[in-house]
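Worksheet for the structure shown next.
The values are calculated or read from the model by the stated rules, or taken from the named source; none is laboratory data. Note that the coordinates shown come from a computational prediction; the quantities given were computed from them, not determined experimentally. Glycine gets a Cβ as well: all are built from the backbone with ideal geometry, and neighbour counts include every protein chain shown. Please note that ligands, DNA and RNA were not included when accessible areas were found on the heavy atoms of the full protein model with its side chains. Shrake-Rupley method; radii C 1.70, N 1.55, O 1.52, S 1.80 Å.
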Amino acid sequence: MPLAWLGLGYALGLFAQPSLGIPLWGAALATVALGAGSLRLRVAGLHLGMAAVFLVGGLLGHARPLPDLTDTDDLAALHGAEVTLRAAVSGAPEPAGGSLRLTIESVRALGPGGWNPISGRALVWANPEPPAVEGRVHPFLRHGDEIVVRGRLDAPRSIGPFNYREHLAVRGIHTVVSEAEVVSITPGSGGAAAALHRVRVSLQGALQRSVPEPVAPVASAVLLGLRAGISPETSADFRDAGLAHLLAVSGLHVGLVLGLSLLVARALLGRRYGIYLIAPLALLWGYILLAGAPPSAVRAGVMGSAFLLALAVGRMPAAANALGLAAFLLLLVEPLSLWDRSFQLSFTSMAGVLLLGLPGSAWVVERTSGLRARLPETAGQAVAAAAASLTVSVGAFVGSLPVVAFNFGQLPLLGAPATLVAMLMMPSFLVAAALTAAAGLAVAPLGEALGLVTWLAGTALTQMAALFAAVPGARLTVEGMTGAWVWSAYALIACTLAAATCRRWMPAAAEASRAAWEGPAHPAERLAALAVAAVLMGMVWIAALTPDSDLLHVHVLDVGQGDALLIVTPDGATALVDGGPDQRLTANRVDAVLPLEGLGMDLGVLTHRHADHAVGLLGLARQGRFDQVLAPPPFSGEDVSWRTELDALGVTVQEGVRGVTVALGEEVVLEVLNPPLPLHSGTSSDLNNNSIALRLTYGEASALLMADLFTEAEYGLLDTGIDVSADILKVGHHGSATSTSPELLAAVMPAAAAVSVDAESRFGHPSTDVMARLTHVVGSGQLFTTAEDGCIGFASDGSRWWASTGCD
């Protein structure tokens, strides 16, 4: 099982990377010590090798740099505009939702001086009737074609509970072109990918000519992953029955191809010298390439190859090891796959098969042995196969259930039995479709004859999907599913599994506890145990003493109707921007984040003198928590007694005006963007419009803190041409309609935004119009409010950001 533990540890290391405070040198030291000191070591009769492999995998995952999902490209600067683009088509375009969906890359934008190269990939929703291309059938577009397309560019929007923006960002897409018109198509010249796509399209055409409707597009989807032409009714039936995965080439299809080819190769070649494994391996990857190499199929291909390798070297294949190897290799190459929904679904369903389905099927077969003994031999074998298959399907269904509910807000309750029935039909349908496509290319009459067999198998499959979809309550809507619910669900599944198998592990656990209490008997084992314990303790202390792996932290504190934002730099410098209306509440929030350091912060920023910003901060200043306070210049006639008081306490008050910069530590800079000199006057609120707006930068990462500026001050700031672009936007004036103009959002283009507002704001904050504008730009999944989320935390390593919610 070492590869399974390696893959699991690596995945968890990647997942925990943003919050894991272990520097790379600490990770490397721990990896060497664990690998050298505890691999295959026995302590009190227990193997520590698997634990060591798990920890090494976790440390490797921690050390693997992660790309930044919040990084944007040049196309993002054109969001909100109608643009004409010239680009290359990537992948197979397909009809969807009344439009033609395709991905473009190698983009050039039409400007006053002609076509200008611009970085980025985009998802295009185009008119379903593009210009015709001679010698091609609809939709006329192929991989590698150069097209000219005109449409509106926008950031992707979330679809219900599904974070569509993150889903596309994992694939390197940050832009959607909607209501697009394909102006012209220039057929691509070639390349291996284009040639492979032409073969796919030719096979699709052979199926369309040979197989009667409406089965032909279903056959293309199942065999080639090309879903063009499937009717909305058929798609809805497969979705509602929990069988939508059959219409996209996935691990299930690859598993069928591997199993069938392995059976045929064994029958024809026998098992001598392992030669019979060559044909299944070649057919496996040939099929994956022919299907367009979707990630789920590639993952299954890696697992299948590991399975064949185990057979070749004469060892019993360990499915968990194959799964672990697939996880490790795929995440090593593309770590962002961990946040890909298809990756999550594939691996949770496979884990359900391994941990629930296979053990459960053995239990079911054993329990039904009495019943099968009273049946004829063939009937008994059929009952055993059906019971085992159903249990395996239920295992896959239960394993992926929490992830499905979290991502899509719906559960296909009949997915397990529907999949079981489908598995009885899929092999014949897949084989018939493959033979029909090949024969249709070579000999059309033979293809048409085989097409009737394909039509019969496909009709049975589609009618079965329609039957399951028609059952009342086939789908259950789940609202409010959060990440905590997902982890709780898997914890419940694990506890249930542990309780069901307690007779198996309880004696061993009791013996291990006794042995651990008594300690190892041999002196060498004692030294080894002490060495491993020392390494683990060292890792804990490294994590505790290292300032969060060079992360900048920005905490938007929940202080009710007010503002308070705490900044903690990688080298430990701290700043509090405003302090809310309640000194005690703000002190509690700060102390929860900084139990000791919060007693003496490096800088306090008083953006303006409104009570919901100033009361808490001035109260903390009177406690001696700041040596320096940054504040706007006073107005003529303004009460400045607080300045005199702070001077008496030894607190330096520095005036913050446009152009002033403050270094927080060695790498973080606060730049004052507002107020200007001379101050704004004669506006609708001079006090708000002269509040301090800040731009926080750390490496390539940035955040914009807009205090209480109204749109008047926003326009004045934009007119100066100062760079206000930022990854994170702390929304101005609590989301009020007076602030956050469309022009400001277009200039900032944030990837996430936070609104500090009371859950029962007597002012009616935040404005629904402002929230709608923010949602359009950042998506609902990256828009946070203290009213709904409590404290909001952002962390950055200087190039990417992570968000978290909840007050400690």
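Quick notes on this one:
- Selected residue (criterion: surrounded by the fewest Cβ atoms within 10 Å (Cβ to Cβ)) from residues of region 681-698 that are touching a His at 6+ places or on another chain (Cβ under 9 Å) and over 19 Å from S756 (Cβ atoms): D686
- Region 774-792, residues that are without any contact (Cβ under 8 Å) to a residue 60 or more places away in the chain, open to solvent by 20 Å² or more (accessible area, probe 1.4 Å) and in contact with a Leu (Cβ under 6 Å, 6 or more places away or on another chain): L783
- Top-ranked residue in region 667-702 [being within 32 Å of the chain's Cα centre (by Cα) and acidic (D, E); ranked as modelled with the highest pLDDT]: E700
- Conditions (1) at pLDDT 75 or above; (2) in contact with a strand residue (DSSP E or B) (Cβ under 7 Å, 6 or more places away or on another chain): number failed by W487: (2)
- Hits in region 729-743 - residues which are aliphatic (A, V, I, L, M) and surrounded by 23 or more Cβ atoms within 10 Å (Cβ to Cβ): L729, V731
- For region 358-391, a tally of residues being open to solvent by 80 Å² or more (accessible area, probe 1.4 Å) and of a type in the set (V, I, T) returns 1.
- Considering the conditions (1) in contact with a Lys or Arg (Cβ under 6 Å, 6 or more places away or on another chain); (2) farther than 15 Å from V577 by Cα; (3) not β-branched (V, I, T), L704 is excluded by exactly one of them, (2).
- Residue within region 763-771 that is in a loop (DSSP other than H, G, I, E, B) and either out of contact with any helix residue (DSSP H, G or I) (no Cβ under 7 Å at 6 or more places or on another chain) or charged (D, E, K, R) (or both) present: yes
- Between A747, A795, A753, the distinction of being more than 19 Å from the chain's Cα centre (by Cα) and either buried (at least 19 other Cβ atoms within 10 Å of the Cβ) or not in a strand (DSSP E or B) (or both) belongs to A747 only.
- Restricting attention to region 552-563, the residues that are more than 20 Å from E666 (Cα to Cα), touching a Pro at 6+ places or on another chain (Cβ under 9 Å) and buried (at least 24 other Cβ atoms within 10 Å of the Cβ) total 2.
- Checked against the criterion of being closer than 21 Å to A76 by Cβ, touching a Leu at 6+ places or on another chain (Cβ under 6 Å) and not in a strand (DSSP E or B), region 687-695 has no qualifying residue.
- Residue count, region 756-767 (criterion: open to solvent by less than 10 Å² (accessible area, probe 1.4 Å) and of a type in the set (G, A, S)): 1
- Members of region 169-210 that are more than 30 Å from T436 (Cβ to Cβ), open to solvent by 40 Å² or more (accessible area, probe 1.4 Å) and either of a type outside the set (S, T, N, Q) or at pLDDT below 85 (or both): R171, E179, E181, V183, S189
- Condition met for L673 (touching a Lys or Arg at 6+ places or on another chain (Cβ under 8 Å), within 16 Å of A713 (Cα to Cα) and surrounded by fewer than 22 Cβ atoms within 10 Å (Cβ to Cβ)): no
- Helices (runs of 4 or more DSSP H) fully within region 516-634 counting 1 or more residues that are modelled with pLDDT of 85 or more: 583-593, 611-622
- Qualifying position, being at positive phi and surrounded by fewer than 17 Cβ atoms within 10 Å (Cβ to Cβ), among G270, G229: G270
- Which numbered condition A312 misses (of (1) over 29 Å from the mean Cα position of the chain (by Cα); (2) modelled with pLDDT of 75 or more): (2)
- Qualifying residue in region 434-444 (condition: over 19 Å from A405 (Cβ atoms), open to solvent by 40 Å² or more (accessible area, probe 1.4 Å), part of a helix (DSSP H, G or I) and free of Cβ contacts under 8 Å to residues at least 12 places away in the same chain): yes
- Count of residues meeting criterion [among the basic types (K, R) and at pLDDT below 80] in region 761-783: 1
- Which listed residue is in a loop (DSSP other than H, G, I, E, B), open to solvent by 60 Å² or more (accessible area, probe 1.4 Å) and more than 21 Å from D563 (Cβ to Cβ), from E645, E666: E666
- Scanning region 405-418 for residues that are at pLDDT 75 or above and either among the small types (G, A, S) or open to solvent by less than 30 Å² (accessible area, probe 1.4 Å) (or both) yields a total of 2.
- Candidate set: region 699-728, residues that are touching a residue at least 24 places away in the same chain (Cβ under 8 Å), within 14 Å of A747 (Cα to Cα) and of a type in the set (G, A, S); chosen: the one most open to solvent (accessible area, probe 1.4 Å): S725
- The lone criterion from (1) over 25 Å from L123 (Cα atoms); (2) under 32 Å from the mean Cα position of the chain (by Cα); (3) surrounded by fewer than 16 Cβ atoms within 10 Å (Cβ to Cβ) left unmet by G242 is number (3).
- For region 116-148, the candidate set comprises residues that are more than 33 Å from the chain's Cα centre (by Cα) and more than 15 Å from S184 (Cα to Cα); within that set, the residue that is least open to solvent (accessible area, probe 1.4 Å) is G135.
- Index of the failed condition, V333 passing every other in (1) open to solvent by less than 30 Å² (accessible area, probe 1.4 Å); (2) at pLDDT 75 or above; (3) of a type in the set (A, V, I, L, M): (1)
- Looking across L277, L247, L269, one residue alone is farther than 18 Å from A432 by Cα and at pLDDT 80 or above. It is L277.
- Selected residue (criterion: most open to solvent (accessible area, probe 1.4 Å)) from residues of region 71-115 that are touching a Lys or Arg at 6+ places or on another chain (Cβ under 8 Å) and in a loop (DSSP other than H, G, I, E, B): D71
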